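Structure first, then comments.
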């Protein structure tokens, strides 16, 4: 399941390559043929990410809502241009960690997350953006033939965006968009941080549900998935089974502030980097290998990086929960 940073990055790609352009819309698969006909020939005016959903506004106040779900992905092809705000000042693909260390050359990640290099510098290319699959390859035919079951194709004169396998791909009115957003918890990159903190804290403090489940509830807080859930809980040294109402208020607030720190890092680097104070060599290893990037996620049976206790993995509401039974006792 894509986490919040991935969806914000995809929205940035839309800003960079689709917004401000008239699109030819089609549904090669056929499942979104009527919706594609509505937006065909319209200009894309805005792309907005909230939680794990993206909303694209077209002229005439027509909105497209996309939820990638577990298997959804966007493929960009053609003249794909990286978001200028995450390129280093010397024109190279820089990576910046929490402490300001800059690694100038792009770092490829073999574990499947989106690094800056997987988006690609401006070139004729095909790029996949999803939580599970990345890649960049040279492309010569234009427009490219659809590959697989493409639910929606948005084509400009120079860029093609193909959507496959989403949980939701629907058109909405402005009122319907607002109603969808109103059901979502606060998003640190969308909502006022102070108001978001108050809203998150108030919601958590009245819930008997374990905090480990609340962090995954998109109506409580937006964008947190399995990786960020495990890491935020560990960074707070919080037992995931504690009912939300029993978690000390200062810990609840710190978890919100930590999410507000980690999410922009994920958007900038394309990696769910959750370890601080790494020297440049350790940072490079962490950017290249998921195993060096996290405190507890996917480390069941391995010694805790802090206390040495074996990390535990258990099922929680159908998802894998990783935690340290000593540090988070």
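The values are calculated or read from the model by the stated rules, or taken from the named source; none is laboratory data. Source: prediction; values computed, not measured. Cβ coordinates were reconstructed from backbone atoms using ideal geometry, including for glycine residues, and neighbour counts include every protein chain displayed.
Overview of results
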| item | result |
| --- | --- |
| Residue, nearest to the chain's Cα centre (by Cα), within the range 309-326, restricted to residues that are assigned to a loop (DSSP other than H, G, I, E, B) and touching a residue at least 12 places away in the same chain (Cβ under 8 Å) | 317 |
| Breaking point among (1) crowded, with 20+ Cβ neighbours inside 10 Å; (2) touching a helix residue (DSSP H, G or I) at 6+ places or on another chain (Cβ under 7 Å); (3) in contact (Cβ under 8 Å) with a residue 60 or more places away in the chain, for residue 54 | (3) |
| Residue 261 vs. criteria modelled with pLDDT under 95, within 23 Å of residue 6 (Cβ to Cβ) and within 24 Å of the chain's Cα centre (by Cα) | no |
| Every residue from the range 21-42 that is part of a loop (DSSP other than H, G, I, E, B), out of contact with any helix residue (DSSP H, G or I) (no Cβ under 8 Å at 6 or more places or on another chain) and touching a residue at least 24 places away in the same chain (Cβ under 8 Å) | 21, 28, 29, 31, 32 |
| Test result for residue 217, at pLDDT 95 or above, closer than 17 Å to residue 51 by Cα, outside any helix (DSSP H, G or I) and within 23 Å of the chain's Cα centre (by Cα) | yes |
| Subset of the range 156-182 [under 21 Å from the mean Cα position of the chain (by Cα), farther than 30 Å from residue 256 by Cα and in a loop (DSSP other than H, G, I, E, B)] | 165 |
| Residue within the range 274-283 that is in contact with a strand residue (DSSP E or B) (Cβ under 8 Å, 6 or more places away or on another chain), assigned to a loop (DSSP other than H, G, I, E, B) and without any contact (Cβ under 8 Å) to a residue 60 or more places away in the chain present | no |
| Odd one out for residue 255, checked against (1) in a loop (DSSP other than H, G, I, E, B); (2) over 14 Å from the mean Cα position of the chain (by Cα); (3) crowded, with 19+ Cβ neighbours inside 10 Å | (1) |
| Qualifying residues in the range 226-238 (those that are assigned to a loop (DSSP other than H, G, I, E, B) and touching a helix residue (DSSP H, G or I) at 6+ places or on another chain (Cβ under 8 Å)) - the one surrounded by the most Cβ atoms within 10 Å (Cβ to Cβ) | 238 |
| Output for the range 34-50, where each listed residue is within 20 Å of the chain's Cα centre (by Cα) and either surrounded by fewer than 18 Cβ atoms within 10 Å (Cβ to Cβ) or under 14 Å from residue 178 (Cβ atoms) (or both) | 46, 48, 50 |
| Residue that is surrounded by 18 or more Cβ atoms within 10 Å (Cβ to Cβ) and in a helix (DSSP H, G or I), where the choices are 196, 185 | 196 |
| Unique residue being modelled with pLDDT under 95, in a helix (DSSP H, G or I), under 19 Å from the mean Cα position of the chain (by Cα) and buried (at least 21 other Cβ atoms within 10 Å of the Cβ) when the list is 223, 266 | 266 |
